[in-house]
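S.K.: Here you go, one structure.
The values are calculated or read from the model by the stated rules, or taken from the named source; none is laboratory data. Only a predicted model underlies this, so the values are computations on that prediction, with no experimental measurement involved. When we count neighbours, we look across all protein chains shown, and the Cβ atoms used for this are built from the backbone with ideal geometry, even at glycine.
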Amino acid sequence: MDNISFLRMTVKDLERRDVVQQLLRGEMIIAVAALRLRISNRHVKRLKAKARKGGLASLLHGNRGKPSPNRLPDIERKNIVSLVKERYLDFSPTFTAEKLSETHSISHDPKTIQAVMVEANIWTKQPQRKKEQRRSWRERRPAYGELIQFDGSYEHWFEERNGESCLLAGIDDATGKIVHAMFDSDEGVVPVCGFWESYLTKNGKPLAIYLDKFSTYRMNHRVARENADTLTQFGRAMKELRIDVIHANSPQAKGRVERLFQTLQDRLVKELRLSDISDIETANQFLTEKFIPAFNAKFAVEPRIRVNHHRPLTKPEGDNLSAILCRHEERTVKSDFTISHLTHWYQLTIDQPVTICKNDKVIVEERKDGTIRIRLRGKYLNWKILPTRPLKASKKQLWVIPAGVKTIWKPAINHPWRHQICASAKNVQFS
């Protein structure tokens, strides 16, 4: 029997060996062999001549079992493995290939880097995902600024160098660009309003914002949902700015921003580690100056229509943007012209730009910098904070604080009203 390695032979090789053996023994003609092997008669003759000259082992390809001539040299493979183990141990093959090219001038296809990592037991091929529920694909919006998908992601972005923080990010639906991103402590009203104040100042107003049903964006109580006029602080601000708010019914509906966070949780965490960044302020500067421009250059696509649908802020909107994008609370002016907000009491002073009456409804603005502004009919009131809760109001109280009056008006000595009082006193007869 010919010296042939059966361990390296495929099913196709075994079938070809059996057919050629029958040809050599005269048990099969060339036409039948060609039909069975699905090759031409001429190729069957070549295989028969090769087997007669060199044995059945010659039917295998000459490079079988030999290393590829395009294989990376062992020295370069060892260098790659050493760099990966030192700096990029938990990086994916694609991301590793990018960093090797950027930092170490080692440019190879990600598949080549993956093969090196697999051979060195650094990377394990990921199993295919199970088929999920079928969902219909939504076409991208045609123009930039037509729809911004927005969300927040809690993660240990700085790993063990700092605690958990929240990344707020918006991505344009038409182009896939990160339009703005910033780190903050949470996804509350104040951080979200700060995010959109920065975004609107830089880019203008998009036509619509696509986000989830988190409590910052939507009233989730059943009774509140039944009332269309019940808005959150964020919803009220967007209504004032005439920006449509769309709430997604599932994470898959706003899949573009969800996939963005999956990518950032892999890439951004490692970029922050490589740059040795561990605080929010430096990370926000890194996002704006380096990461976002590089990310958009790599992953953004061209829109179908080259139009920017962002609308510029009007002058009143631009002047009052901080007042719009903050927490608003309605309070009632009490009998002694005080207002309670959170744990403090505020005394309205005599000098005011607008007339204030008892039981007036005022708006308390809690700005993102922690300052308090009290507004009535578009005018900001003057006030002073009280160290303690005010005493119960006495019977002798003003009913109105007139606008622009600093002191209580007193009639002059020769005022007719005083003469009427004196005349009445003279006509009084005592019994």
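S.K.: Considering every residue within segment 260-274, establish whether at least one is more than 18 Å from the chain's Cα centre (by Cα) and either in the same structural domain as Val189 (by TED's automatic domain parsing) or surrounded by fewer than 16 Cβ atoms within 10 Å (Cβ to Cβ) (or both).
M.R.: yes
S.K.: I'm told Ile292 meets every condition in (1) β-branched (Val, Ile, Thr); (2) surrounded by 17 or more Cβ atoms within 10 Å (Cβ to Cβ); (3) not in a helix (DSSP H, G or I) except one. Can you identify the failing condition by its number?
M.R.: Here Ile292 clears every test but (3).
S.K.: Mind listing just one residue for me: the one in segment 231-259 that is within 14 Å of Tyr210 (Cβ to Cβ) and β-branched (Val, Ile, Thr) and, of those, farthest from the chain's Cα centre (by Cα)?
M.R.: Ile243
S.K.: When you look at Asp266, is it touching a residue at least 12 places away in the same chain (Cβ under 8 Å), assigned to a helix (DSSP H, G or I) and of a type outside the set (A, V, I, L, M, F, W, C), yes or no?
M.R.: So Asp266 fits the description; yes.
S.K.: So which residues in segment 20-38 are within 60 Å of the chain's Cα centre (by Cα) and under 16 Å from Leu56 (Cβ atoms)?
M.R.: Leu37
S.K.: Answer with yes or no whether Ile80 is over 21 Å from Phe299 (Cβ atoms), outside any loop (DSSP other than H, G, I, E, B), outside the structural domain of Gln262 (by TED's automatic domain parsing) and touching a helix residue (DSSP H, G or I) at 6+ places or on another chain (Cβ under 8 Å).
M.R.: yes
S.K.: Looking at the structure I just gave you, is Ser107 under 30 Å from Leu268 (Cβ atoms), touching a helix residue (DSSP H, G or I) at 6+ places or on another chain (Cβ under 6 Å) and exposed (fewer than 15 other Cβ atoms within 10 Å of the Cβ)?
M.R.: In short, yes.
S.K.: Going by the conditions given, is Ile339 buried (at least 17 other Cβ atoms within 10 Å of the Cβ), modelled with pLDDT under 95 and touching a Lys or Arg at 6+ places or on another chain (Cβ under 8 Å)?
M.R.: yes
S.K.: Does Ile75 fit the bill of being without any contact (Cβ under 8 Å) to a residue 12 or more places away in the chain and loosely packed, with under 11 Cβ neighbours inside 10 Å?
M.R.: yes
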